[in-house]
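Accompanying notes for the structure given below.
No lab work stands behind these numbers, since they all come straight from the coordinates. Quantities reported herein were computed from a predicted structural model and do not represent experimental measurements. FYI the Cβ positions are ideal-geometry reconstructions off the backbone, even for glycines, and counts take in every protein chain you see.
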Amino acid sequence: MNRILVIDDEEWLREMMLLALRQRGFQVIEAENGALGIELARKELPDLILCDVNMEKVDGYLTLSSLRSDATTASIPFILMTGLADQAGMRHGMELGADDYLPKPFTIEALYAAVDARLKKANVVRQEAEKKLADLRENLSMMLPHELRTPLNGILAYGEMLAADAANLPPPEIAEMGQVIYDSGKRLERLIENFLIYAQLELLGSDPQKLHSLTRSHTQSAAGVIEKHARGQAEAAKRPADLSLELEDVPVPISEEYLTKIVDELVQNAFKFSPANSQVHVALTNNSPDDVTLTITDRGRGLSTEHIAKIGAYMQFDRKMHEQQGLGLGLTICKRLTEMHGGTLTIQSNQANGTTVTLKLPKTGDH
């Protein structure tokens, strides 16, 4: 049974709505003002909220804003009710995250139609989220243990050797084992981070409000962020001289956290899949009136057309041949992040000239 919270300071209207909704089989709770409504919503977590706009002290807009800013109530469908159904008021309500507007006076049929439409849509969103969660759980249960095994085996094997025979091992061998353990640990860290980010993105894809909030972020000094992380990956690959940078200092419509993730993944792959003493070029350009463009170019072995077409979750290129864990998932994360922000990620590659990955993000962030 769906539970509906009605927030209105007019007692006669609350009583009429309670009677009408209960006749349709809904469980209904009521609040006589916005402050009490916020408290009840957080305590009862209703399936739908119907809230009057014009109330003293805490009006409908403040009530909506407060509930949208709280993670426990942010996704509850919210219908605003008002006798002042002007365009400016409706727009303001929608900007705050209202799902619908019910102008007063309304008929019982209009009330039923609004409630049924919102609950039906919420149910569809919930089913999509549950399916994504089930798919994600299945993918993780199948792939996570296998992906983690290689670096974990390295850590366990060398850790066991050090614990059993450290006194008899020469210092250079101990140092070499320590380096293997460290490298395996870093690989394990990257794999776990990628799985967690991928899970987050999958779940975000079924939450329009959180997705909208996510895509309003910007990185103002993108060139500095890109340079720092590109140089960090070049140092990690022990190829700092192979990195070349061409960065315009322009804002990029994506958060610094996600821009960092994209740069780390793509530059790390460029160094992994190209030989020492060959150039890895990273460029940020502002030539288009509509887009900011980030390109990463290497002179490695390249990818076939079939490989490029198969970029997807848990898809590694020539995995048995090259023994590179996590490549497909890292690329998938970069592609999903770019597309979630209204951009595109393309790969141009051949086995003679290497690979160029190009990201285009809209300057305004509006999409």
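With +1 on each Lys and Arg Cβ and -1 on each Asp and Glu Cβ, how big is the dipole of the stretch 3-106 about its Cα centre, in debye rounded to the nearest 20? Could you put the intermediate results ahead of the total?
Details: 10 positive and 18 negative charges, 65 e Å.
Charge dipole of the stretch 3-106: 320 debye, to the nearest 20.
Order these by the 10 Å Cβ neighbour count, fewest first: HIS341, HIS92, HIS229. Don't jump to the answer; show the numbers that get you there.
Numbers: HIS341 23, HIS92 15, HIS229 20.
Ranking HIS341, HIS92, HIS229 by Cβ neighbours within 10 Å, fewest first, gives HIS92, HIS229, HIS341.
Placing unit charges on each Cβ (+1 for Lys and Arg, -1 for Asp and Glu) gives the stretch 3-106 a dipole about its Cα centre, and among PRO46, SER66, MET17 the Cα reaching farthest toward its positive end belongs to PRO46. What does the C-alpha gyration tensor say about the overall shape of the stretch 1-52? Classify as rounded when a/c is under 1.5, otherwise prolate if a/b is larger than b/c, or oblate. It comes out oblate by the Cα gyration axes. Computed 3J(HN,Hα) for the stretch 98-104, one whole-Hz value per residue from the Karplus formula 6.51 cos²θ - 1.76 cosθ + 1.60 where θ = phi - 60°, is 5, 8, 7, 10, 10, x, 8, glycine and proline marked x.
The amide H of PHE78, built 1.01 Å from its N in the peptide plane, has ILE49, ASP99, ASP100 as neighbours under 5 Å, considering only residues 5 or more places off or on other chains. Short-range pairs are left out: with C-alpha atoms under 8 Å and at least six residues apart, the relative contact order of the stretch 1-134 is 20 percent.
Beta bridges per DSSP, both residues in the stretch 151-303: antiparallel share near 55 percent.
Label-to-label distance for ARG126 and LEU156 is 4.2 nm, based on points extended 7 Å past Cα in the beta-carbon direction. In order along the stretch 109-117, the phi-based Karplus estimate (6.51 cos²θ - 1.76 cosθ + 1.60, θ = phi - 60°) of 3J(HN,Hα) comes to 4, 5, 4, 4, 4, 5, 5, 4, 5 Hz; Gly and Pro are listed as x.
Restriction of the GluC sites (Glu not before Pro) in the stretch 43-132 to DSSP coil positions whose beta-carbon has at most 11 other beta-carbons within 10 angstrom yields GLU56.
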